[in-house]
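The values are calculated or read from the model by the stated rules, or taken from the named source; none is laboratory data. What you are looking at is a predicted structure, and each value in this text was computed from that prediction instead of being measured. Here the Cβ is made from the backbone with ideal geometry for all residues, glycine too, and neighbour counts use every protein chain on show. For accessibility, only protein heavy atoms count, side chains too; no ligands or nucleic acids. Shrake-Rupley method; radii C 1.70, N 1.55, O 1.52, S 1.80 Å.
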Amino acid sequence: MHKGNLMETNLVIEGFKFMGLGMGTVFVFLGIMIVAMNIMSTIIHKFFPEPQPKASTSAPSSNAKKQDNNKKIVAAITAAIKHHREG
Amino acid sequence: MKSIISKFLALFMLVAFTVASANEHATLEEKPSTHKEESYHTKPFSEMITGFLASTGIVALVNPDPDELNAKGETMSDFHKGLGRVIMIFITFFLFWLAIARGFEPLLLLPIAFGGFLANIPVANIAGEHGFLGVIYHMGLSNEMFPILIFMGVGAMTDFGPLLSNPKTALLGGAAQFGIFGTLVGAVALSQMGVVDFTLQQASAISIIGGADGPTSIFIATKLAPELLGAIAVASYSYMAMVPIIQPPIMKALTTQAERKIKMTTLRHVSRLEKLVFPIVVLSLAILVLPESTPLIGAFMFGNFLKESGVVERLNDTLQNALINIVTIFLGLGVGSKLAADQFLVPDTMFIMALGIIAFSVGTAAGVLMAKFMNLFPGNKINPLIGSAGVSAVPMAARVSNKIGMESDRTNMLLMHAMGPNVAGVIGSAVAAGVLISLFQ
């Protein structure tokens, strides 16, 4: 009986040990994960600054710029012609 | 003239052939019928009726066969063979009602409940070793295969974007795991007081309900305490379904109106490369820190990696839909096979249900308190309501955070902020599971 009691007491202590180790591991893991995430984001933003969006937007944006320029040129020419005719 | 003769000849041959083949059939049929006659003794009709009536389910339930064994080949009490089965069948009807009328996780609760219904049929022994439920159980549950496959699908459905844009919310997902370990201590203390008799393994398997992660619970239960699988799975899934009922009172009790109105800074944009590298980073960490957790985290990150790679849309689609649906059916039925009366109608089940809800509530409270604790430090303030989403239960817990937040301030959208701790909670409970497994190695 006495021995059984002793073992059961150990069981609760065992439970607390589990809790300490478990919560410790979870927090350490997530803590390292947070640090790793921050490092990863910094590296990616520094060395690979948005490669996907940039690659995909740079091509259309340059196109769009060209079109914009063309439009401006067309607008300037038509204005000049108008001015010339009126003048 | 010639043509008529040849036609006659052809007709004759046809007739002869059919007759011959019919004869052949007849002789073939005769053989087994003579065999049958040898083993079949004629009985008076009254005896046939009584014999048939003795094999009905009613008789089996009212007057159980003393030699009948349970799925594991052990003897069971008359209660578990008769009335117990009837009670269990009514419990499965109650689960049907919860799933259909109340919408409680119907995707899993319905297969589980129907599996339980089938497992409690007398005579047929469907949950036995050679019954189809037993075959399903051995195919993927006793070897922890199905939870892993589910994790792949869940990984493919998860978006780590909100977590990546606000990494510190991962701590909330860690705090919520306190539900697991707090309950573990509680379960062991109950055993010490002599109320129940749970071993440390059983207590661990029960407490993982606090992680609010169905597949993880099943994974741990099959590994540490397969005899409690049915009760643990049912508790886990029904509490996950009851998140909108269990969590709000706790969240409101622990926060002030001002705290609930805290607006969080908008999430920054997360690049595709970050999302792609993240699964690899987490898995590498798991390899270094806790290899025992890699079956779960590995499968999870595999699914997520396929999704974020963007080049295997077909596989991603299969993981998210076809595979997870098929596995869910099998997982549900396999778990249901553990709802047999002799395994479920035991006092332990009541304690598992009670400990499960405590685990869940403690996890919720710990998440909220952790958020309040983090607000003591300088930096961007966190709305404590998203702390409760640290218990996994994706995405239900995050939706609850959002809903309670909107009750205080209609313009405060917390959903995406709450998804961060929510997915961190999945990782956190997988880590907690890994710790528990490693402790029993």
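Tally the residues that are part of a loop (DSSP other than H, G, I, E, B) and charged (D, E, K, R), restricting the search to the stretch B:56-96.
The total comes to 5.
For B:A235, are the conditions met, namely being in a helix (DSSP H, G or I) and either facing another protein chain (nearest Cβ under 9 Å) or open to solvent by 10 Å² or more (accessible area, probe 1.4 Å) (or both)?
The answer is no for B:A235.
Would you point out the residue of the stretch B:191-206, among those that are facing chain A (nearest Cβ under 9 Å) and in a helix (DSSP H, G or I), that is farthest from B:M419 (Cα to Cα)?
Filtering first and then ranking leaves B:Q192.
Here are the criteria: (1) surrounded by 22 or more Cβ atoms within 10 Å (Cβ to Cβ); (2) within 11 Å of another protein chain (Cβ to nearest Cβ); (3) at pLDDT 95 or above. Tell me which single one B:P279 does not satisfy.
Against the list (1) surrounded by 22 or more Cβ atoms within 10 Å (Cβ to Cβ); (2) within 11 Å of another protein chain (Cβ to nearest Cβ); (3) at pLDDT 95 or above, B:P279 comes up short only on (2).
Does B:F219 satisfy the criteria of being under 19 Å from B:F344 (Cβ atoms) and aromatic (F, W, Y)? Even if it seems obvious, please write down each step before you answer.
Details: under 19 Å from B:F344 (Cβ atoms): no; aromatic (F, W, Y): yes.
Judged against the criteria, B:F219 is not a match.
It is to be established whether one or more residues within the stretch B:213-228 are more than 30 Å from A:P49 (Cα to Cα), in contact with a Lys or Arg (Cβ under 7 Å, 6 or more places away or on another chain) and not hydroxyl-bearing (S, T, Y).
No, that holds for no residue.
Residue by residue, here is whether (1) of a type in the set (F, W, Y); (2) open to solvent by less than 20 Å² (accessible area, probe 1.4 Å); (3) free of Cβ contacts under 8 Å to residues at least 60 places away in the same chain holds:
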site	(1), (2), (3)
B:M242	no, no, no
B:Q247	no, yes, no
B:K252	no, no, no
B:T256	no, no, yes
B:E259	no, no, no
B:I262	no, no, no
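Name the helices (runs of 4 or more DSSP H) wholly inside the stretch B:126-190 in which the number of residues that are facing chain A (nearest Cβ under 10 Å) and either within 18 Å of B:G367 (Cα to Cα) or not basic (K, R) (or both) is 2 or more.
Hits in the stretch B:126-190: B:161-165, B:170-175.
Out of (1) modelled with pLDDT of 90 or more; (2) facing chain B (nearest Cβ under 10 Å), the odd one out for A:P53 is which?
Status for A:P53: all satisfied but (1).
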